[in-house]
Amino acid sequence: MRGLFAALVFLPVSAFADTQYWDYGAWTVRVERVDTGEDLRIFCTASTGGDGLPALRIAVSNGDALPPYVYPAPILHESAPRGYTTMMQDGQRVQFEFDRDGVTEGFVQSFYDEDGILQAQAAAHADDSLWLLQTMRHADQMWITRGGEVIYGASLAGFTASYGKIAEQCGFPTVGVIE
């Protein structure tokens, strides 16, 4: 028994993670700092929704290409219980809508995660990321639709503060979106 305890005490620690959360209106920011032993990786996510429903997320890390060179894309994530299908199907066309003049399209990708759970993600074209973020800053609500049917309605209350927080934590400027 003493040998097992000694082995557990002296196991090398390969990574240390620290996670923090902030809430802004309908949005939650999650920042995870992972010390790999070689460098510090910071993963920042701003999201709304979830709790069994789809969730709209913006996720970046300090190792990504970041603004002002590349803007993060808002992505609608959906997960299905084991053995069930997702509401969004692979290859389907969706629209990100704010009003009649504020619409851009995207497509769904579905896949099984490492646990065998079906996942689906809807993202607008990468070229539309900056426009989406700018419009999200000024709008109150965004709808993701498929064939005219609303798949998900996202409150944008707290979006600007959430975007500012992930920019602060992951080290990129807010120019073009907030400023």
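The values are calculated or read from the model by the stated rules, or taken from the named source; none is laboratory data. Here the structure is a predicted model, which means the values were calculated and not measured. Neighbour counts are summed over all protein chains in view; Cβ atoms, including those assigned to glycine, are modelled from backbone coordinates with ideal geometry.
Odds and ends about this structure:
- Count of the stretch 148-159 residues, restricted to those that are touching a residue at least 40 places away in the same chain (Cβ under 8 Å) and either under 16 Å from L76 (Cα atoms) or buried (at least 17 other Cβ atoms within 10 Å of the Cβ) (or both), is 7.
- Condition met for Q121 (free of Cβ contacts under 8 Å to residues at least 24 places away in the same chain, part of a strand (DSSP E or B) and of a type in the set (S, T, N, Q)): no
- Meets criteria (more than 19 Å from the chain's Cα centre (by Cα), modelled with pLDDT under 95 and not hydroxyl-bearing (S, T, Y)) for G102: yes
- Members of the stretch 129-157 that are more than 15 Å from the chain's Cα centre (by Cα) and part of a loop (DSSP other than H, G, I, E, B): A139, D140, G147, G148, A157
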